[in-house]
Structure formats: structure tokens, C-alpha cells
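Undergrad: I'd like to ask some things about the structure below.
The values are calculated or read from the model by the stated rules, or taken from the named source; none is laboratory data. Keep in mind that what you see is a predicted model, and the values were worked out from it rather than measured. Here the Cβ is made from the backbone with ideal geometry for all residues, glycine too, and neighbour counts use every protein chain on show.
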Amino acid sequence: DAGVIQSPRHEVTEMGQEVTLRCKPISGHDYLFWYRQTMMRGLELLIYFNNNVPIDDSGMPEDRFSAKMPNASFSTLKIQPSEPRDSAVYFCATRKGEETQYFGPGTRLLVL
Amino acid sequence: AQKITQTQPGMFVQEKEAVTLDCTYDTSDPSYGLFWYKQPSSGEMIFLIYQGSYDQQNATEGRYSLNFQKARKSANLVISASQLGDSAMYFCAMRERQGGSEKLVFGKGMKLTVNP
């Protein structure tokens with residue numbers, strides 16, 4: 001079975017540009033989580049969805065960040081406009097019910 | 001207050017020896033879950049082992065076991081017969097419910113280096 005799929009794997013952009021990160025969950029998983037990992041702050045939960053509905057977005061740093069899950073097999077995390085401090089690895093993770101949470105390979109974002 | 005505490009920033013162990021990675025947690029939720037993930041230098045987060053708060057037995061998965069001491073609120077990971085490929089960052093995490101939200105809270109992680 002395919003795991004969590006994220007794209008792109010690497011993204012380099014200039015400050016002010018829009019960045020869109022994509023995630024395809026494991027089929028049948030009803031929870032989807034977006035995390036950000038930096039050296040300074042570790043692994044932070046940004047937002048999560050249950051059955052495509054956002055449940056908790058308290059970790060979203062500011063209005064420049066938005067996330068959507070239009071259907072059960074796709075989610076996006078958008079940063080507009082991007083800033084150098086947004087540089088990080090962004091992980092998508094999914095799980096089925098109360099089972100184990102599995103992570104995607106991550107997107108390494110560098111904002112210049 | 002920190003929910004998950006991993007006090008060891010780094011550890012070194014000789015190949016084939018056992019090693020214990022410490023994790024303490026704090027929660028008022030009677031029902032919670034504890035997880036360990038491994039993050040090698042390649043960056044992916046790999047699930048290792050899970051322990052439920054009501055589980056009577058300590059969890060085991062191959063060379064990994066979880067030393068769960070509920071009264072002390074600790075969930076240490078034990079790796080037996082360590083291998084060079086075990087060199088990585090290790091994260092302890094706790095799933096708890098807060099209001100209508102249920103999420104994983106991660107510790108800061110610790111770096112394990114296995115020497116030949």
C-alpha cells in the first residue's frame with residue numbers, strides 16, 4: 001500500500017511568493033494532520049482535519065497560512081505571502097480512527 | 001508546561017548493546033496514548049511503537065520495547081542489540097484529548113548515535 005504522499009519534496013522560493021504544499025492521505029484514513037518542523041521549535045501541529053473538516057487550527061501561525069481538504073484524498077497547505085521564517089520541513093500525517101498516525105516524507109521548504 | 005519531556009539531548013551506544021531513551025509526560029486525561037517515532041538523517045518520521053494508557057502489558061515490537069511506568073508518568077524506549085542503522089533522532093509523543101480536540105504532542109527529541 002502507498003503511504004502518505006507529499007509534493008513537492010523540496011521547494012525553494014522567494015519571499016513574497018505563494019507556496020502550495022500537497023498531501024494525499026493513506027486510503028481509508030479519516031484524520032489528516034499538517035506539522036511543521038524547525039530546529040528552534042521542533043515539531044509543531046499546525047492544523048488537523050477529521051472527515052475533511054478542520055477540527056483544530058490553533059497551531060496555524062498567522063493568516064498567511066491556510067489549509068484545505070476538499071475531499072478525502074487530497075489536502076493543501078498554502079502560505080501566501082511566504083517569508084524566510086517559514087523555511088522548515090512540513091509534514092503531512094494521517095491515521096484511521098484512533099490507530100497509529102503515519103507521516104509522509106515531508107516537504108523541505110526554503111524561502112529566500 | 002511541557003507535556004512531553006525528553007531530557008537527553010544525545011546518547012552514544014556501542015553496537016549490539018541495549019540502550020534506554022527516556023520520556024516523561026504530563027496529562028490529566030485518563031485515556032491517552034504514547035508513541036515513539038524515529039527520524040533518520042533522511043528526514044522521514046517512522047513509527048516504532050505504541051502504548052495505550054490502559055494497556056496492562058508493556059508494548060514490544062521486535063527489538064523495541066516500551067518501559068511504561070504509569071505512576072511515574074514515564075514511557076522509556078528500550079532498544080535491544082542496537083545496530084548502526086538505529087542512529088537517528090527519536091521522538092516521544094503523547095495523544096490526548098483536550099476539549100473537542102485530539103492530537104499528538106511531541107517531545108523535543110533526542111539524538112542516538114550507535115558506534116561500531
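Undergrad: Out of all the residues in the stretch A:101-112, which are under 18 Å from residue A:41 (Cβ atoms) and either away from chain B (no Cβ under 14 Å) or in a strand (DSSP E or B) (or both)?
TA: Once the filter is applied, which keeps residues that are under 18 Å from residue A:41 (Cβ atoms) and either away from chain B (no Cβ under 14 Å) or in a strand (DSSP E or B) (or both), the stretch A:101-112 yields A:103, A:107, A:108, A:109, A:110, A:111.
Undergrad: Can you pull out the residues in the stretch A:1-60 that are under 22 Å from residue A:83 (Cβ atoms), in a strand (DSSP E or B) and charged (D, E, K, R)?
TA: A:11, A:22, A:36, A:44 - these are the residues of the stretch A:1-60 that are under 22 Å from residue A:83 (Cβ atoms), in a strand (DSSP E or B) and charged (D, E, K, R).
Undergrad: Is at least one residue of the stretch B:46-54 surrounded by 13 or more Cβ atoms within 10 Å (Cβ to Cβ), assigned to a loop (DSSP other than H, G, I, E, B) and either modelled with pLDDT of 95 or more or over 15 Å from the mean Cα position of the chain (by Cα) (or both)? If you could, list the steps in order and put the result at the bottom.
TA: Within the stretch B:46-54, the subset surrounded by 13 or more Cβ atoms within 10 Å (Cβ to Cβ) is B:46-53.
With the extra rule that they be assigned to a loop (DSSP other than H, G, I, E, B), the set shrinks to B:53.
Among the residues that remain, those that are also either modelled with pLDDT of 95 or more or over 15 Å from the mean Cα position of the chain (by Cα) (or both) are: none.
No, every residue in the stretch B:46-54 fails to be surrounded by 13 or more Cβ atoms within 10 Å (Cβ to Cβ), assigned to a loop (DSSP other than H, G, I, E, B) and either modelled with pLDDT of 95 or more or over 15 Å from the mean Cα position of the chain (by Cα) (or both).
Undergrad: Could you give me the residue pairs with C-beta distances under 6 Å whose first residue belongs to the stretch A:12-39 and is under 25 Å from residue B:108 (Cβ atoms), whose second residue is in a loop (DSSP other than H, G, I, E, B) wherever it lies, and which are 6+ apart or on separate chains?
TA: Qualifying pairs under 6 Å: A:32/A:25.
Undergrad: Could you grab me the full set of residues in the stretch A:69-95 that are away from chain B (no Cβ under 13 Å) and under 17 Å from residue A:53 (Cβ atoms)?
TA: Residues satisfying the conditions are A:69, A:70, A:71, A:72, A:73, A:74, A:75, A:76, A:77.
Undergrad: Shifting gears a bit: State yes or no: is residue A:98 more than 11 Å from the chain's Cα centre (by Cα), within 22 Å of residue B:32 (Cβ to Cβ), facing another protein chain (nearest Cβ under 9 Å) and at pLDDT below 95?
TA: yes
Undergrad: Select from the stretch B:17-45 the residues that are closer than 26 Å to residue B:84 by Cα, surrounded by fewer than 19 Cβ atoms within 10 Å (Cβ to Cβ) and touching a Phe, Trp or Tyr at 6+ places or on another chain (Cβ under 8 Å) and list them in ascending order.
TA: Matches in the stretch B:17-45: B:44 only.
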